[in-house]
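Take a look at the structure set out below.
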Amino acid sequence: MSIIDLKLYSLYKTIGFLNTVTADMQKLSDSYHDFLAKVIVGIREVSDITGVPVRKLRYWEEKGIIKSVDPDASSRQFNLADIKKIILINELLEDGYTLDGAAAKVEKRLSKIKSLMDLINLGSS
């Protein structure tokens, strides 16, 4: 085997490894997002977890900044992805952002993460 053949073989193995890692990352990403969507928490527990008062959470929902799992239900419940969003918004509010500014920044950040995950998914196809 020549040096070039060895380098090509090494490159081939590296690409195979990267494809395997990418596929594994996709599986982790899917299961992580499934997990975030499936765990449902009541509004009082969300308030306890995030430190955001219940009335403020209801206001944010009225403004369309967050969405409860079932908006028609009498009691508000949120999944873990929403809780993550609430925590990020609250941190930005503490840093001096307005509510609309914080919500826009979080949406932009989440959109970038989604785009990156989509790009990774395309690479594993």
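Every number in this text was worked out from the coordinates using simple rules, so none of it is lab data. Being a predicted model, the structure only gives us computed values, none of them experimental. Virtual Cβ from ideal backbone geometry, glycine too; neighbours counted across all protein chains shown.
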Solution diffusion estimate, µm²/s, Stokes-Einstein, region 42-125, Kirkwood Rh from C-alpha pairs, 10 °C, viscosity 1.306 mPa s: 116
Whole-number percent relative contact order across region 68-125, with pairs defined as alpha carbons under 8 Å at least 6 apart: 19
Sorted by Cβ neighbour density within 10 Å, fewest at the top, the residues Leu92, Leu116: Leu116, Leu92
Sorted by Cβ density within 10 Å, fewest first, the residues Ile43, Ile66: Ile43, Ile66
Fewest-first ranking of Lys56, Lys112, using other Cβ atoms within 10 Å as the exposure measure: Lys112, Lys56
